[in-house]
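Working notes for the structure below.
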Amino acid sequence: GVPMKYWITALLFNLAFSLPAAALEVGERVPAKMQAELFNQPDVVYVVDFFAQWCVSCRIELPEINTLFNALKNNKQVQFVGVDVDEDIQVAKDFQASLGLEFPIVNDPSGRVIGAFAPMGMPALYYVVNGEVKGRRLGALPHINDVIRADVQQLGVAL
């Protein structure tokens, strides 16, 4: 038969892959395929905001983020990417329309994008530069637009 240590190794290997992904930490990289797809401009600070229709504090933050997007949309060094994780695309689109969101949004019903970042709860905000997580803000924050402005400047963007 197969020695016991091989069975244990195989078991541990399978266990490791069935556990949920660990949250992306500052300094870690976004999966290469996702970077190529969503965050592919060099030296641009991507402000990545995860949200859902059922998230109450998202309803407060999203209009502020939208206002900031409009204020900064001519700044080539900053890009906003919303990620709506609602499982129902129509619910997601109706929610975005009800808030009048104008920044680019990725609908993520299968959880592919949020699965890569694996934030603990929502809202969740990440800063990605050259494929690397440079910062994150988890949970509801008052005056989110001021927070984002300060964070982006901290990452070297003149506003």
*So what's the angle, to the nearest 10 degrees on a 0 to 90 scale, between helix 56-72 and the longest Cα principal axis of the chain?*
60 degrees
_1.4 Å probe accessible area per residue over the chain, in Å²_ = 56 Å²
*asked:* If you take every DSSP beta bridge fully contained in segment 72-159, what fraction is antiparallel? Give it as a percent rounded to 5.
replied: 65 percent
*Enter the angle in degrees (range 0 to 90, nearest 10) between the Cα long axis of helix 144-154 and the first principal axis of the Cα atoms of the chain, meaning the one along which they spread out most.*
80 degrees
*Carbon and sulfur %, accessible surface of the chain computed with the full protein complex present, 1.4 Å*: 58 percent
*What distance in nm separates the simple spin-label points at E37 and S98, each placed 7 Å from Cα in the Cβ direction?*
2.7 nm
_Matching label, P(r) over Cα pairs in 10 Å bins from 0, in percent computed from the structure shown, candidates (1) 10, 38, 32, 10, 6, 3, 1; (2) 9, 28, 21, 9, 12, 15, 6, 0; (3) 10, 40, 39, 11, 0_ = (1)
*Could you state the angle between the C-alpha long axis of helix 89-99 and the longest principal axis of the C-alpha atoms of the chain, as a value from 0 to 90 degrees rounded to the nearest 10?*
30 degrees
*Summing -39500 (n - 2.57) over the DSSP H runs of n ≥ 4 in the chain and dividing by its residue number, what mean residue ellipticity at 222 nm do you reach, to the nearest 500 deg cm²/dmol?*
-13000 deg cm²/dmol
*For H143 paired with A23, estimate the spin-label separation in nm (one decimal), with each label point 7 Å from Cα along the Cα-to-Cβ line.*
2.4 nm
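The values are calculated or read from the model by the stated rules, or taken from the named source; none is laboratory data. Note that the coordinates shown come from a computational prediction; the quantities given were computed from them, not determined experimentally. Please note: Cβ atoms are built from the backbone with ideal geometry, for glycine as well, and neighbour counts cover all protein chains shown. For the accessible areas, the whole protein counts, side chains as well, though only heavy atoms, and no ligand, DNA or RNA atoms are used. Shrake-Rupley method; radii C 1.70, N 1.55, O 1.52, S 1.80 Å.
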